[in-house]
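Structure first, then comments.
The values are calculated or read from the model by the stated rules, or taken from the named source; none is laboratory data. Quantities reported herein were computed from a predicted structural model and do not represent experimental measurements. Neighbour counts are summed over all protein chains in view; Cβ atoms, including those assigned to glycine, are modelled from backbone coordinates with ideal geometry.
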Amino acid sequence: MRAGQAYALLAIVTVIWAGNFPLAKAGLAQLSPVTLTAPRALLTAEAPFGELAAVVPHLATRGAGEARGVGVAVVAQRGLA
């Protein structure tokens, strides 16, 4: 990747990241915080548990109660808890 491409990608990420705040503020004027967070949580909650099952195979065979603590830690690390 050339330097120009890297700077262009950096600019795109910056614009998306900076646009998130005004969009969230406008969304909160119309919706509750739970309504805004729920879709994000539903879309991203499955990925960490899939990663857990791949990294630690014995968690997939245990009951939900035993794996809950590890799952909560992963979801919290992702910024959803």
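Inspect the range 1-14 for any residue being in a loop (DSSP other than H, G, I, E, B), modelled with pLDDT of 70 or more and surrounded by fewer than 10 Cβ atoms within 10 Å (Cβ to Cβ) and give the result as yes or no. So that I can check it myself, show each step before the final result.
Kept after step one, since they are in a loop (DSSP other than H, G, I, E, B), are these residues of the range 1-14: 1-2.
Subsequent filtering for residues that are modelled with pLDDT of 70 or more retains 1-2.
Next cut, surrounded by fewer than 10 Cβ atoms within 10 Å (Cβ to Cβ) only: 1-2.
Taking every residue of the range 1-14 in turn, at least one turns out to be in a loop (DSSP other than H, G, I, E, B), modelled with pLDDT of 70 or more and surrounded by fewer than 10 Cβ atoms within 10 Å (Cβ to Cβ).
Take the residues in the range 17-45 that are surrounded by 10 or more Cβ atoms within 10 Å (Cβ to Cβ) and of a type in the set (Val, Ile, Thr); name whichever of them is farthest from the chain's Cα centre (by Cα).
Thr35
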